[in-house]
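Below is one structure; the comments refer to it alone.
The values are calculated or read from the model by the stated rules, or taken from the named source; none is laboratory data. Computed from a predicted model, the values in this text were never measured in an experiment. Backbone-built Cβ (ideal geometry, glycine too); neighbour counts: all protein chains shown. All accessible areas refer to the heavy atoms of the entire protein, side chains included, with ligands and DNA or RNA removed. Shrake-Rupley method; radii C 1.70, N 1.55, O 1.52, S 1.80 Å.
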Amino acid sequence: MPTNTKRLKIEVGIVGVVALFLIVVFPWMHSAGMVSSFTVNLWGKYLCYALLAISVDLLWGYTGLLSLGQALFFSLGGYMIGMHLMLMIGELGVYAQAGKNPNFLPDFMVFLGHTFLPSFWRPFYSFGFAMLMVFVLPGVIAWVFGYLAFRSRIRGVYFSILTQALTYGASLMFFRNDMLMGGNNGFTDFKRILGHEITSPTTYRVLFVLTAVTLLLVYVGCRWLSTTKFGLVQKAIRDGENRVLFSGYAASHYKLFVFVLSSLIAAIGGALYVPQVGIINPSEMTPDKSLEAVVWVAVGGRATLVGPIIGAVGINALKSWATREFPDLWLIILGLLFIIVVLLLPGGVVSLPARIKAALNRRKASAQSETPEKAVETKAKS
């Protein structure tokens, strides 16, 4: 226990220093011209992916539920804020500037031959409503799906397959033009957010700080949750759900809460991702995106919270470099990295310091045990 407490203090200290750098120093460097807007935007995207990774870790690492559908909730959050941003384009749209869009509809609707805004789009003129839907839609879908799944005691690989089917089915729906969600191209070409130009350096900086603060709050909240009685039950479900049931706990209620909570975290990440990246389309909710998030968590370290953040940022930084230098080899690199971690480093990257320390302690203990024997041997020779 003292070792765990010491380790937690070290982790909190490191997180505090990194958070200070991301929230204060890095934006200041950008405002001073020492860091480009492209870099700020890129790292903002990495931090959004870190939120998605934490949502996977909360389910897989702490509760033993491997969800392959977290990209769906991430994308839904993005789509909800994306609808508002599309409506804010207004007179700056391509068709509007050509005089062919008097009602200022999103360009894809004009292209599809629509002449008026569908009724379910109209409330999204309000930024507050869009933000509310970032939480409501993913939360309701997660609650309904989770309620049916956990009530039927679906677990293990069956749960993974069902979540994968859910996100795959949703992506097929969003690819359809008649759903009026942009079809294959999704939403893009955003111009303004809350009256500010979305591509201005100041907007980039504000969105980055907002993402970093959100990530810090989510980390602190999840860390606190893991130390409570709820967190203990959560881990007990992961290690032996039948024992939890025999102890009188309603495991399905705990799993449902975690599933909904993780969907909301992923949705927040998606809502912050879209204005920074400038596009959202159905390819973001395909199953391979969820699998990528699982790899981030596995490489960083399951059930650690910090590990998924390191995994998401590290692997996506590696991806940015590899897809530029060796575009044909990226998937091979990612696959090899995953195999190496699973076979040689099952605890992920965050377990490296503990492994190195244990190896040094074993070496020191071995050297100490050999010393008396050598002393006796030297004495006998003399």
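Observations, loosely collected:
- With DNA, RNA and ligands ignored, accessible area of TRP321 (1.4 Å probe; Å², nearest 10): 110
- Three-way shape call for the range 241-380 based on the alpha-carbon gyration tensor, with the a/c threshold at 1.5: oblate
- Separation of the TYR125 and PHE230 label points, Cα + 7 Å toward Cβ, nm: 3.8
- By average C-beta atoms within 10 angstrom, highest first, the peptides 249-257, 285-293: 285-293, 249-257
- Largest-first principal axis extents, alpha carbons of the range 154-284, Å: 56, 36, 17
- The calculated FRET efficiency for the pair SER320 and LEU343, based on their C-beta separation and a Förster distance of 30 Å, comes to about 0.70.
- The residues neighbouring LEU148, those whose beta-carbon lies less than 15 Å from its own, together hold a net charge of +4 under the Lys/Arg +1, Asp/Glu -1 convention.
- Listed peptides 344-356, 48-60 by packing density, highest first (mean Cβ within 10 Å): 48-60, 344-356
- The range 1-72: C-alpha gyration tensor shape, a/c 1.5 cut-off, then a/b vs b/c: oblate
- Centre separation in Å (Cα based) which lies between the range 333-364 and the range 137-167: 33
- Residues of the chain: accessible area per residue with a 1.4 Å probe, Å²: 51
- Apolar share of the accessible surface for the range 223-262: 60 percent from carbon plus sulfur atoms, 1.4 Å probe.
- Long pairs among LYS6/LYS357; LYS6/LYS255; LYS45/LYS319; LYS100/LYS191; LYS45/LYS357, criterion Cα-Cα beyond 23 Å: LYS6/LYS255; LYS45/LYS357
- Spin-label pair THR115/GLU197, simplified geometry with 7 Å Cα→Cβ offset, distance in nm: 3.6
- Ellipticity at 222 nm from helices only: DSSP H runs of n ≥ 4 in the chain, each -39500 (n - 2.57), divided by the residue count, give -24500 deg cm²/dmol.
- Centre-to-centre separation between the Cα atoms of the range 204-224 and those of the range 1-77: 7 Å.
- Heavy-atom accessible surface of the range 36-159: percent carbon and sulfur, 1.4 Å: 69
- Global form of the range 39-137, assessed from the alpha-carbon gyration tensor, a/c cut-off 1.5: prolate
- With the alpha-carbon atoms of the chain aligned to their principal axes, the span from lowest to highest coordinate is 104, 57, 38 Å, starting with the largest.
- Sorted peptide list for 38-45, 322-329, criterion being average Cβ within 10 angstrom, highest first: 38-45, 322-329
- Here, the range 129-179 yields an orientationally averaged convex hull projection of 4.3 nm² when only Cα atoms define the hull.
- Per DSSP, loop trypsin sites (Lys or Arg not before Pro) in the range 139-226 with at most 13 further Cβ within 10 Å: ARG153, ARG176
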